[in-house]
Each structure stands twice: as C-alpha cells, then as structure tokens.
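Okay, so here's the structure we're looking at.
The values are calculated or read from the model by the stated rules, or taken from the named source; none is laboratory data. Nothing here was measured: the structure is a model prediction, and the numbers come from that model. FYI the Cβ positions are ideal-geometry reconstructions off the backbone, even for glycines, and counts take in every protein chain you see.
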Amino acid sequence: MENSEEDRSTSINELKSECEQIWKAVHMAHKDIVKTEKVQTSENVTNPILAICQAKEKRLQAEVEALKHKPLNVLPQKDDILKVVMKDELQTTLKQLEETLSDVKIRKNELQDELHRTETHLHQQQELQEAILSKMETAERGANIGLIREAEKKLNKMEKYAEELEQKLAQFLEIHFPVPSVEDIESRKGKRKRQTSGQATLDQFVDGKQFVSLKRLIKRMSKKCFESPHDPYIIIEDRYWPPYIELLLRCGVIVKNPQNSQLLLGGVVV
C-alpha cells in the first residue's frame, strides 16, 4: 500500500517536471516568435501594404498545410449509417441555403425600397424642374409682353411727336417761307440787274413758270432720299426759288453734288 502511494507521488512529480519543461519550451518559443514579429514589423513599417500581403500569404500557407495534414473523412460502409450521414449533410446544406435565400430576400426588399425612394425623389425633381421652367417661360413671356407694350407706347409717343413737329414745321414754312410773290420776284429781278450786266434776266429765267414753296421743295428731297437711297440727288429746276436753295445750303440742310452743281442732296422730313 505504501509502495503504491510512493509510485503515485513519484509519477506526479515526474509529470510536473515534464509539464514545467514543456512550459519553458513554449515560453522560449513565444519569446522567439515575438522577437521575430517585432523585427518584421519594424522592417515593414515603411511599406504597410507589403506587410499585409505577407500576413495574408502566411495565413493561406497555414491553411494549406492544415488541409494537407487533415485526415480524410471516410464514409461508413453500412448503408443505414451512410443514409443518416447523408441526410444530416443534406439538412445542413438545406439550412444554409435557406439562410442564404432569406438574406437575399432581405437585400432584395432593401434594394426595392431604395429604388422606390430614388424614383420618388427623381419624380419630385422632375416636377420641380418643370415648374421652374414653366415659371421662367411665363416670366420671360410677361417680360417680353411688357417690353413690347412699352416699345409700342414709346413708338406711339414718337409718332405723335413727329406728327406735331411736322405740322409745326409745315406751318412755320408756310408762314415764313411761302411761294414767292410778284414783289419778291421783282425785288430779286432788280437786285440781279444791279449785280450783273450782260447776263440773262430773272424774267428770262422764270418766264412763264411758277415757283414752288420751300415746304414742297424739302418734301421732294426727303421723299427722294427714302425712295431711292442709292441715288438721293434731285436736279435743280427752274421752279425752285434760288434764295430758298441758297438758304438751305447755308444752313447745311442740303448739299450739292461735288461733281455736278445741278444736283442737290437733302434729308429733312416735313
């Protein structure tokens, strides 16, 4: 009895010593691993992507080694046991597929909801864009109408003002520059006789003709400018009162053609 107790205590002591030796070996191996990792980490600090790739490579190599040393699962030879094993595997696979299908359905519903929200947002944005474009078109149309109306008002005012000016100018010309009278002709004739000798008299220049008023002369020149702007000159005729032509030339209302003194150019509307 005493011998058995001594053997037991001896076995326990031996086992403890073996455990201590194994623990010391594990501790030393752990220290070596830590030192190696520190060295590798210090070397790969400058290139962290390389360190990550190396770690992945080591992990894959370890998995490959584990698969190489993993014993093959030999199927039992008995049909009953084989059926049970296959049934368990099929149930496990079916359960995994059901879980995958459930995840796919959940993801599908989430995507459908997100698509619906996106379509709703897009429809709202399109309605907003259409409303903005409609308002812009309405504003532009209103602005154009306002500008057109304002231009029409200004044009009407200018036309009325032009008509008033024409009437006033016509009245002014009729009062102050009428058709030359006989006294004007006689006075012009006497003056020309005193200024010139041996030349044609005024009676010979206007014999049997009637002079036109200054108003009609300016109208004719203005009409000529508008009807034929490429050839706005008029020919000096005998019925044009010379003092009126001289007055218009001095005032700069008309000019003579530099190549032909019998052609006049004017542009006053009456």
Of the numbered conditions (1) surrounded by 10 or more Cβ atoms within 10 Å (Cβ to Cβ); (2) within 30 Å of Ile218 (Cβ to Cβ); (3) of a type outside the set (Phe, Trp, Tyr), Ile175 fails exactly one; give the number of that condition.
(1)
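Quick grid of which residues meet (1) within 58 Å of the chain's Cα centre (by Cα); (2) at pLDDT below 80; (3) outside any loop (DSSP other than H, G, I, E, B):
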residue: Glu137; (1), (2), (3): yes, no, yes
residue: Glu140; (1), (2), (3): yes, yes, yes
residue: Glu163; (1), (2), (3): yes, no, yes
residue: Leu173; (1), (2), (3): no, no, yes
residue: Arg192; (1), (2), (3): no, yes, yes
Yes or no: Arg250 without any contact (Cβ under 8 Å) to a residue 24 or more places away in the chain and within 22 Å of Ile175 (Cβ to Cβ)?
yes
With the condition kept exactly as written, say whether any residue in segment 219-235 is more than 60 Å from the chain's Cα centre (by Cα), in a loop (DSSP other than H, G, I, E, B), surrounded by fewer than 12 Cβ atoms within 10 Å (Cβ to Cβ) and modelled with pLDDT of 50 or more.
no
